[in-house]
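Please read the structure below before turning to the comments.
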Amino acid sequence: MTLMPPRTPTLIQLLGLLVTLAAVGSFSVFTLRQVEELRRLGSDIVDRNRRDSLQLIRIQDDVAQLGLALRDMAEGAEPYPMEAYRPQFQRLREDLENALALEARLMPATRTEAQQRLLETVFARFWTVVDELWLLASEGKPEAARALIRTRIEAERATLATLISRLLIQNNEAEAAAVEEIQAIHAKVERNLYYLLAAVLAAILITGSLVIWHDRRMFAQVSHLSEQRKELAGQVIRVQEDLFRTLARELHDEFGQVLTAVGMMLLRVERRLPEGAPGREDLREVREIANQTLDRVRGMSQMLHPPVLDDYGLERSIEWYLGQFEKQTGVKVHYQKSGVAPWIGDAVAIHMYRILQESLNNVVRHAHVTEAWVRVSYAPEKMEMEIEDHGTGLPEKPQESGLGMIGMRERAELLGGRIEFRRRAGGGTVVHVEAPLGVKGGKG
Amino acid sequence: MLRREFLAGLGGLLAAPAFGQQGPGFRFTDVTRAAGIDFVHNSGAFGKKYLPETMGSGCAFFDYDGDGWQDILLINSMDWPGHKRRRTPLKLYRNNRNGTFTDVTRAAGLDVEMYGLGVTIGDYDNDGHPDIFVSCLGQSRLFHNTGKGTFVDVTRSSGLWEHEGFSTSAMWFDYDRDGLLDLFVTNYVRWTQEGDIFCSFDGNSKAYCTPEAYRGVTCWLFRNRGDGTFEDVTAKAGVLDTTSKSLGVTLLDFNNDGWPDVFVANDTQPNKLYTNLRNGRFLEQAVRIGLAFSEDGRARAGMGVDAADVDNSGLVSIIVTNFDNEMMGLYRSNRDGQFVDRAPQAGIGQATRHSLGFGCFFFDPDLDGMLDLLIVNGHIDESISRARRNVTHAQPPHLFMNDGKGNFRDVSRLAGESFAAPKVARGAAYGDFDNDGDLDVLITTNNGPAYLYRNDLDNGHRGVRLRLTGTKSNRDAIGAVVKFEASGLAGTRIVKSATGYLSQCELPVTIGLGRRDALQRVTIFWPSGRTEEYKNLKAGGRFVVEEGKGLKPDRA
């Protein structure tokens, strides 16, 4: 995997939000427009049409009433003179005029000017003939009046009735068309609602998947980095160990032999000089210094990489080191061993050894105690080691634990084992380390 | 939510004693049987469902023998020709002055069969004895009261002969103020047995038709010539209108000009308001002043009608009963003479939506000085519940109590079990038959019995009863306006004949006073133009006021 600088997902999320907002926004605008159109259709066409139709029905009803009254007059159904019908006609005429005025105000757009003019003309003609009727009636010519009703008046009335029926039908048709249009708008809005839902869902889906993909990539990168770091730490430790080993060997082999030779030669020269001869004392002092240096070099070599580890294995090395440690620091170490140590590979051995070394150094440095406990247990498949002191314990804050503990952790990880730093209940620290003892004995 | 529930609970708590439990202060006790009223209406129905069968019939309280006790007249229809089963004449019951009545039909000479529907009673010849006009299917009848406890059919000689129609309500009144009662007769539709139309709710069985099926017909106005005869002035007076399908008529003076106007309730046609032009002519103005239609401009099925000064404002309110699925109309006039239907706001609209109302009148059963409202209901066809689930043939009445501010609440259920029971009611009238000062109620049902309910008032209220006798005015004082004042109470009442549907209430005026001790002032505007004023009438008193001669206690 290539290591790209991780891109922020905010951009993707913003983009998704933008898409969603745009979809909702455009849909809102669209819906508002459609609602406006619906309102227009509803109030301007349908409502108006209905109110107009109500007036037309009222006119139709009045015209029908006129027809009934005219029939009564023509038939002489009531024992009253024709003129007695005048107030009834007058009322119907007033109602008609009122209805016609209202109707003219509500007149739908489908009405042509010619139609409106025709309506007015026919009504005017009708009332003119009706006036003729009253004239004949007042002149006492009922027969002529009846004839007039049967011929011209009824014809005009029938024309009116037809005309109004036609207008009503026209209104109905206009209304039906408007209703159809309204239904189409409803369908369109519904369809667009589905589109909106789809768009929003898609935006959510894309944004979501991009974010998830991005997260997965981040995790992969993080774990990769962690692997790399582990490897690096392992290498550093290995290099260090190699260096220590080389240094130890060099110190032991080169300086040790040189110093031994120097000591031998100085002894030989010293023995050749007579007792009490001048310089003999100086030589002895130089030889002493050389011997001391040799001891120091040997000690350093052993500290860097105890040869006992290579020669006798981990178990003996631990015992040897603990002896050395007690001698050098004066801290009493209670050592406890259980199980039988199998063959332990170099790699495991050096890391376990270093962990013991570091832990005990920490006891000396931080615990301010005179006693420590070391427990080692071996099993065929793993070994466990516990270093315990009853001192001041681990620092409260983990960052204060220092580089030593990080090193121990790195080593435990290199071994494929685990390490645990515990505060003891009664005060002090327990370091517990566990390492598998496979054939390879870990990575190192 | 919690708050609303709390408030609702609180409201219920407060409302319960005010509206739920508290009675109206009186009960209507069914005394029909005890009083000896055994009348049963015969519609003549034999299965053909002729339209007139479902329309009748009316009733009246009147004092035919002048003894000061209200007698009862119940109009009857009859079997159809060719389907004769029994004789069913109208019935006259004389008040025995002890809470019971005696059937005096035969003795009074009224044992006559006719297809009667409505009734109006007035002393048209001013002889001191009330005469009876019965509106009929076919020829209506005029019965002259001889003053000896008998009646004589004078239809033929009266000039009312040869006026055959489907006459429904009728009303005596003096439109030309000549001191003689004239007669207004409403006609329903042009119906004949041969021309009967098949109507149905379910498409199979025949049902009674609504009037759309038939052509309208004019109402009639007859002027009293003063010689025992009448002149048909329908045309001359400008009343002719062949589009009307009229069922109810009432007298009112909506413009307070002292001249009687006429309101006609039309079924599925615009109502009519005939304004008296004071020259023997009328001008129909219902559309112009807002009485013709419902507030949404529809002509409703007007049945019964009454008009009165309901809120004691001096302005008239008009109740019109309508079909089910229609609210009743409660029109109230405003100061500029326009009428507005206040039924929904007044608490009457919703309450009457499912009722098919016929008889109705404003009266004061609790004597609190405010006019309350009785509406009796009943559907036209027994098969209606098959067609519409929430509508029944028999329907309970509405008894709306007036809170004094023009708002009403229905207390019929609290007024008595029999009273509140569903009925196929048609006519209704009030009158104080036991002379105890409160108003009793008579209800007729279609093809069923009549019911007499005695008012048992227990709220301690009292009133003043005035019996007006005209001298220069018509003797019944019909059209007289009584203006009254008591402490914190003032109003007007009008004396009139027909009320509601096919029926007539008693003529005496009852003015409820609540717990007041006296009526401070009464002003009477006689139809003759004379005005008289009387002061300090004691509560509980019954008085006779004779025009020009003063006031004295009623002897009865």
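Every number in this text was worked out from the coordinates using simple rules, so none of it is lab data. For clarity, every value in this text was computed on a predicted model and none was experimentally measured. A quick note on method: Cβ atoms are made from the backbone with ideal geometry, for glycine too, and the neighbour counts reach across all protein chains shown.
Would you please classify the overall shape of the protein assembly as shown from the alpha carbon gyration tensor, given that a ≥ b ≥ c denote the square roots of the eigenvalues, rounded means a/c under 1.5, and beyond that prolate means a/b larger than b/c while oblate covers the rest? Present the calculation step by step, with values, prior to reporting the outcome.
Working: a/c = 5.08, a/b = 3.17, b/c = 1.60.
Prolate shape, in that a/c is at least 1.5 and a/b is the bigger ratio.
Spin-label model, B:Lys48/A:Arg268: points 7 Å from Cα along the beta carbon direction are separated by 16.9 nm.
Think of it this way: in the protein assembly as shown, B:Cys59, B:Cys136, B:Cys219, B:Cys360, B:Cys505 stand alone, with no other Cys Cβ under 4.7 Å.
If you take the Cα centroid of the range A:316-347 and the Cα centroid of the range B:335-366, the two points sit 114 Å apart.
Nearest 0.05, what FRET efficiency do B:Thr523 and B:Asn279 give at R0 = 25 Å with Cβ-Cβ as r? Write out the running numbers ahead of the final one.
Values: r = 27 Å, r/R0 = 1.08.
In this case the efficiency is close to 0.40.
Couplings 3J(HN,Hα) of the range B:231-238, computed from phi: 10, 6, 10, 3, 6, 4, 7, x Hz, in residue order, whole Hz [Karplus 6.51 cos²θ - 1.76 cosθ + 1.60, θ = phi - 60°; x for Gly and Pro].
The angle between the Cα long axis of helix A:48-75 and the main principal axis of chain A comes to about 20°, on a 0 to 90 degree scale. Per-peptide packing, taken as the mean over residues of other Cβ atoms within 10 Å, places B:435-448, A:40-53 in the sequence B:435-448, A:40-53 from highest down. Counting only alpha carbon atoms, the long axis of helix A:154-250 and the longest principal axis of chain A meet at about 0°. Can you figure out the FRET efficiency of A:Gln221 with A:Arg424, using R₀ = 45 Å and their beta-carbon distance, to the nearest 0.05? The pair A:Gln221/A:Arg424 has a calculated efficiency of 0.70.
Working note: Karplus 6.51/-1.76/1.60 with θ = phi - 60° gives the range B:534-540 the couplings 10, 10, 6, 8, 5, 4, x Hz, where Gly and Pro are set to x. Taking Cα atoms, how many degrees apart are the long axis of helix A:86-106 and the longest axis of chain A, rounded to 10 and kept between 0 and 90? Once rounded, one gets 30 degrees. In this structure, A:Leu68 and B:Ser205 have a Cβ-Cβ separation that, at R0 = 41 Å, corresponds to a calculated FRET efficiency of about 0.85. Answer with one residue from A:Ala233, A:Thr246, A:Gln221: the one whose Cα lies farthest towards the positive end of the charge dipole of the range A:210-257, charges on Cβ with Lys, Arg +1 and Asp, Glu -1. Sorting the options by dipole projection puts first A:Gln221.
Basic side chains Lys and Arg get +1 at the Cβ, acidic Asp and Glu get -1 at the Cβ, and with that the dipole of the protein assembly as shown about its Cα centre reaches some 1860 debye.
The mean number of Cβ atoms from other chains found within 10 Å of a Cβ in peptide B:229-241 is 4, as a whole number.
Students often check this: by mean Cβ neighbours within 10 Å, which of A:105-118, A:61-74 ranks highest, and how do the rest follow?
A:61-74, A:105-118
Placing pseudo-labels 7 Å out from each Cα toward the beta carbon at A:Thr10 and A:Arg33 gives an inter-label distance of 3.6 nm. Taking a ≥ b ≥ c as the square roots of the Cα gyration tensor eigenvalues, chain B comes out rounded, since a/c falls below 1.5.
Pairs with C-alpha atoms separated by more than 31 Å, drawn from the list B:Lys48/B:Lys423; B:Lys245/B:Lys496; B:Lys148/B:Lys483, are B:Lys148/B:Lys483.
Under the convention that each Lys and Arg Cβ holds +1 and each Asp and Glu Cβ holds -1, the size of the dipole of chain B around its Cα centre is about 600 debye. Between A:Ala176 and B:Tyr534, the simple label model (points 7 Å from Cα in the Cβ direction) yields a spacing of 7.1 nm. Every helix of 4 or more DSSP H residues in chain A counts as -39500 (n - 2.57), and over all residues that averages to -24500 deg cm²/dmol at 222 nm. Placing unit charges on the Cβ atoms of the charged side chains and taking the dipole of chain B about its Cα centre, the candidate lying farthest along the positive direction among B:Ser412, B:Val239, B:Gln139 is B:Ser412. The mean count of C-beta atoms from other chains within 10 Å of the C-beta of residues in B:290-297, rounded to a whole number, is 1. Taking the Cα centre of the range A:10-211 as origin and assigning +1 to Lys and Arg Cβ atoms and -1 to Asp and Glu Cβ atoms, the resulting dipole is close to 560 debye.
Mind running the shape call on the range B:72-197? Use the C-alpha gyration tensor, a ≥ b ≥ c as the square roots of the eigenvalues: rounded below 1.5 for a/c, prolate if a/b tops b/c, oblate otherwise. Oblate is the answer for the range B:72-197, as a/c is 1.5 or above yet b/c matches or exceeds a/b.
Counting Cβ atoms of other protein chains within 10 Å of each residue's Cβ and taking the mean over peptide A:74-84 gives 4. What percent of all Cα-Cα pairs in the range A:307-443 falls in each 5 Å bin, counting up from 0? With a bin width of 5 Å, the distribution comes to 2, 10, 21, 24, 21, 13, 7, 2, 0. How large is the helix-only mean residue ellipticity at 222 nm for chain B, computed as the sum of -39500 (n - 2.57) over DSSP H runs with n ≥ 4, divided by its residue count, in deg cm²/dmol to the nearest 500? Result for chain B: -1500 deg cm²/dmol, rounded to the nearest 500. Residue ranges A:82-95, A:127-140 sort as A:82-95, A:127-140 when ordered by packing (mean number of other C-beta atoms within 10 Å per residue, highest first).
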